[in-house]
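Only the coordinates and a few stated rules stand behind these numbers; no lab work does. Computed from a prediction, not measured in an experiment: that's the story for all the values here. Cβ placement follows ideal geometry from the backbone for every residue including glycine, while neighbour counts extend to all protein chains displayed.
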Amino acid sequence: MRIAYLDRTVHETDGEPKPNGGVSTLSKSIDLQGSVETGDKTTIASKDFGGLYSTKPLALIKPAGSDDVSRVIKAASRIPRMTVAARGNGHSINGQAMTNGGLVIDMRSTEENHFRLLNINGSFFIDVSGGALWENVLTRCVSRFGLAPRSWTDYLSLTVGGTLSNAGVSGQAFRYGPQISNVAELEIITGKGDIMVCSETRNPELFFGSLGGLGQFGIITRAMVKLQPAPDMVRWIRVVYTEFDEFTRDAEFLVSRDDGESFDYVEGFVFCNNDDPVNGWPSVPLDPVHGFNQGIIPQTGASVLYCLEVAFHYQKGDHPSTVDKAVAGLLKPLRFVEGLKSQVDLSYVEFLLRVKRAEEQAKANGIWDAPHPWLNLFISKSDIVDFDQTVFKKMVKDGIGGPMLIYPLMRSKWDNRTSVALPDSEIFYLVALLRFVSRGPSVEESVAQNREIVEWCIREGLDFKLYLPHYQSKEQWKRHFGNQWTRFVERKASFDPMAILAPGQNIFKRTHLS
Ligand code: FAD
């Protein structure tokens, strides 16, 4: 299809310079196998899961494959100030996959291009499209090969390229590192439109730059993801703590143990010490049948309590008493409130798709599509007690209308050659305030509170980084990257002298690089 008919409907909505004569230049040379949407058909690309920003792209490109992506980028690079953004499944919060008046490349249209099992010296990998959803990678790998990726996100309706551009973390990351630590090779269409294959040894600057690179080095069209044998079953357990120091001691103990001496998944969350169905006690038990005995809920007066969430993998053929014994052994040293334990057994796939079930319920209740002013932070172990005292126990003590995650990660499982910025200490916490505005404070209050939390972290000198970052100024980006800033900019300049960017990432415009 020729992009000859694109309308020039670019609006000057954010005061930023817009492409000049873009479409006519574009239309001269591109023949695409895929399709180009304009006008109302670009609506999907004008918003994201966050629901906070709305922009109008010039066109939504649905590429058939890498050649199409390459042609679009090459054509865009000939147009002054034309911007391009890859869109995975649009589950960003702050418009990271949008571009105002530019071209959005919808990577979902490439899902079926790659799906191949590789056996390299006895290690298994799956070669998948950057636009594939992780939930499809999971179900196909398990059903066809009995294998699965090792490191996940909590929710899997996200694309491979989208999470690899950030990090991809969940309760397995303490052992295997984030998803970006579990990739052996990428195919990337750079900002120059070159189709390049990269790995630790082949074009390593592009490989490590793109992992956690916020979509700034090019577009990931294929990824080779490490696999392991998939377990059949998971025992999913929640235990409750009244004291933060006991919660963190146990969580850190579990993530620091050697393989085989800990659970297979470790996460945690904060909840309110009240009977609010969303923010409080009723949200904690894993199912009504195995609910907590309300009689032993501590009357300590603390505003918030802590839930450690762990999971143990096993096979269908394992004897129940063997599983019980192994789990009891792992729980034994933990100091949770006796009796405040809830557990369920479910298949491995059901466990990994657990948030999808919550999504279905939230959609039925009309909550899922509400705005989501989420805040994700990585906070050093040395500062997490201060954070608890000020943020959890005071600022958000009445809840946020959604989950408040907190769990430790190990820096040594992350590769410091990637682009992702982390706190300095070996153990740091992921803290996620996952707000659903329809049932908590308003959007304005939520955004203001997020800002207040970040400003407090800066003022107090906490060792922290934003995860899924979004900033408005170059100075903020420089502070975010710290001593990795120069490396990031130099790497980016060598692969992407033009702008592949999103509204919240406008430091990366060519004016700053050339
Ligand atoms: P998009 O939002 O479409 O894009 C994200 C960024 O990646 C943009 O900058 C975009 O330009 C770029 N990009 C997209 N595709 C490509 C590509 N192929 N090549 C290069 N760049 C690309 N994250 C976690 O780590 N752990 C979690 O447990 C977790 N849970 C989540 C639960 C929910 C309900 C939601 C909404 C988000 C969650 N996230 C989690 C965050 C999620 O990982 C990021 O928002 C991710 O970017 C979304 O993926 P996406 O495919 O929708 O990407």
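Computed quantities for the displayed model
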| read-out | value |
| --- | --- |
| Given charges at Cβ of Lys, Arg, Asp, Glu: the chain dipole, positive-most of SER77, TYR241, SER123 | SER77 |
| Rounded FRET efficiency, nearest 0.05, which uses the C-beta distance separating LYS397 from GLU444 and R0 of 22 Å | 0.65 |
| Distant-in-sequence amide H partners of ALA230 (H built 1.01 Å from N, under 5 Å) | LEU147, ALA148 |
| Cα-Cα P(r), segment 216-291, percent of pairs per 10 Å interval | 13, 31, 28, 21, 8 |
| Proximal lysines relative to LYS56, as straight alpha-carbon distance under 16 Å, when same-chain residues fewer than 8 apart are discounted | LYS18, LYS41, LYS47 |
| Kirkwood hydrodynamic radius of segment 233-466, from inverse mean 1/r over distinct Cα pairs, in Å | 18.8 |
| Equivalent-ellipsoid semi-axes of segment 102-182, from the Cα gyration tensor, Å, largest first | 20, 17, 11 |
| Expected 222 nm ellipticity per residue - DSSP helices of 4 or more, -39500 (n - 2.57), all of the chain, to 500 | -7500 deg cm²/dmol |
| Relative contact order for the chain, counting Cα pairs under 8 Å that sit 6 or more residues apart, in percent | 16 |
| Among 247-253, 112-118, 317-323, the order from most to least packed when residues are scored by Cβ within 10 Å on average | 247-253, 112-118, 317-323 |
| Under the Karplus curve 6.51 cos²θ - 1.76 cosθ + 1.60, θ = phi - 60°, whole-Hz ³J(HN,Hα) for segment 148-153, x wherever Gly or Pro sits | 7, x, 8, 10, 10, 10 |
| Segment 340-471 shape via C-alpha gyration tensor axes, a/c threshold 1.5 | oblate |
| Peptide ranges 324-330, 88-94 listed from the most packed, as the mean C-beta count within 10 angstrom indicates | 88-94, 324-330 |
| Relative counts (whole %) of C-alpha pair distances in segment 419-472, using bins that are 5 Å wide | 4, 16, 23, 26, 17, 10, 5, 1 |
| Kirkwood hydrodynamic radius of the chain, from inverse mean 1/r over distinct Cα pairs, in Å | 23.7 |
| 5 Å-binned pair-distance histogram of segment 147-241 (Cα, whole percent) | 3, 13, 22, 23, 15, 10, 6, 4, 2, 1, 0 |
